[in-house]
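> My questions will all concern the structure given below.
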Amino acid sequence: MKFRRSERLIDMTNYLMEHPRQLVPLTYFAERYGSAKSSISEDLGIIKETFEQRGIGILQTVPGAAGGVKFYVNVSDEDAKKFIDKLCSIMASPERLLPGGYLYMTDILGDPAIVQKVGRLLASAFAKADIDVVMTVATKGIPLAYAVASHLNVPVVIVRRDSKVTEGSTVSINYVSGSAKRIQTMVLSKRSLAEGSKVLIVDDFMKAGGTVNGMINLLEEFNAVLAGIAVLVESEDIEERLVDEYWSLVRLSNVDVKEKKITVSEGNYFLKTNSNH
């Protein structure tokens, strides 16, 4: 069956976006569409240009016999700014206030459109980093972790507070939750993380960073390597932060329960992207 160019372009675009960070040989596409490699190269040129103009992603050509193309997700600064501003206004709503200065975020984390965009944004920051797995702690961070992992084309590992029979043998550690200074337990199945894995930690909310720090300690038990930390919201009003290097989209700077006022601003995302360029 012969494909028209328009059909090839649509199908290739779809395939590349569904297989981010995976090297696809030109022969694969040539055989898939019954086309010459020269035609495929031209098609990829069109896709590459469109991706870059529209801020969708980067198409990297890998030369040589074992070469091909790789798609990396990317978000333009302009789109990132618009989305983070929108997130800030959603989060500044006084109805989100919960006792203890916490924010109600379940609706945000339950909105697939928002979660997908957060996933894209955080994944674009680590698109070219060497990452084998995304790790989060149950339960609120799970949708974010899957969204990030889908754009990085890696599996998700979930750390739990208690062991489940279905997990098999586990490794557990005690850690101090930074804000409450309580001793808590973290458990991870031995089978879920291979030794030497490079891990990106993703979480929805970071106060002092005790939970994230706990996950970092857990990585040591598996001889795994920390590749990065990304959070949706960080709280600024903290005396002692246990984690230094991380990416955040939104910064919660002040919660006035009495006045029902939430002060939020953009996190360090742009500071980080600019320092990486």
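> Need one number: % antiparallel among DSSP beta bridges in segment 77-276, to the nearest 5.
So the antiparallel bridges in segment 77-276 amount to around 45 percent.
> If you don't mind, there's one more thing I want to ask. Relative to the compact-globule scaling 2.2 N^0.38 Å, provide the ratio for the alpha-carbon radius of gyration of segment 5-73.
0.99
> Right, something else. Mean residue ellipticity at 222 nm from the helices of the chain, using -39,500 (n - 2.57) per DSSP H segment of n ≥ 4 over the full residue count, to the nearest 500 deg cm²/dmol?
About -11500 deg cm²/dmol.
> Sticking with this structure for a sec: For a quick check: with amide H placed at 1.01 Å from N, whose amide H comes under 5 Å from Gln22's, ignoring anything fewer than 5 positions away on the same chain?
Long-range HN contacts for Gln22: Phe71.
> Using the Karplus equation 6.51 cos²θ - 1.76 cosθ + 1.60 (θ = phi - 60°), what ³J(HN,Hα) coupling, rounded to whole Hz, does each residue of segment 164-176 give in order, writing x for Gly and Pro?
Once θ is set to phi - 60°, the couplings for segment 164-176 become 10, 4, 6, 8, x, 6, 10, 10, 10, 10, 9, 9, 9 Hz.
> Okay, next question. Which far-off residues, 5 or more places away or on another chain, put their amide H under 5 Å from the one on Val133, with H placed in the peptide plane?
Under 5 Å from the amide H of Val133 lie the amide H atoms of Lys198, Leu200, each far enough along the sequence or on another chain.
> Shifting gears a bit: Note down the relative contact order for the chain as a percent, whole number, built from C-alpha pairs under 8 angstrom at least six residues apart.
14 percent
> Just to be sure I understand: with springs between alpha-carbon atoms less than 10 Å apart, which residue in Ile84, Ile108, Ile56 has the highest mean-square fluctuation in the Gaussian network model of the chain?
Ile108
> Below 8 Å between Cα atoms, with a sequence gap of 6+, how large is the relative contact order for segment 27-104 in percent?
So the answer I get is 15 percent.
> Let me ask something additional. If you build a Gaussian network model of the chain, linking Cα atoms that sit under 10 Å apart, which residue out of Ser235, Ser89, Ser192 swings the most?
Highest fluctuation of the listed residues: Ser89.
> Long-range amide H contacts for Trp247: which residues qualify at under 5 Å (H placed 1.01 Å from N, peptide plane, sequence gap of 5 or more or a different chain)?
For Trp247, whose amide H was placed from the backbone, the distant partners under 5 Å are Ile229, Ala230, Val231.
> On a full-extension model of 0.36 nm per residue, what is the gain between Thr50 and Ser163, subtracting their alpha-carbon distance, rounded to one decimal in nm?
Once the chain is fully extended between Thr50 and Ser163, it gains 35.9 nm.
> Okay, next question. Give Lys140/Lys272; Lys48/Lys86; Lys117/Lys198; Lys70/Lys190; Lys117/Lys140; Lys48/Lys272 a once-over and call out the pairs whose C-alpha atoms are over 27 Å from each other.
From Lys140/Lys272; Lys48/Lys86; Lys117/Lys198; Lys70/Lys190; Lys117/Lys140; Lys48/Lys272, over 27 Å: Lys48/Lys86; Lys70/Lys190.
> Now for a different question. Using a Gaussian network for the chain with springs between C-alpha atoms less than 10 Å apart, which of these wobbles most: Val134, Val157, Val165?
Answer for the Gaussian network model of the chain: Val165.
> In percent, what relative contact order does segment 141-260 have, based on Cα pairs under 8 Å that are 6 or more apart in sequence?
It rounds to 21 percent for segment 141-260.
> How large is ³J(HN,Hα), in whole Hz, for each residue of segment 55-60 in order, when computed from phi with the Karplus curve 6.51 cos²θ - 1.76 cosθ + 1.60 and θ = phi - 60°, using x for Gly and Pro?
x, 8, x, 10, 9, 9
Bear in mind that the values in this text are calculations on the coordinates, not laboratory data. No experiment lies behind these values; they were computed from the predicted model shown.
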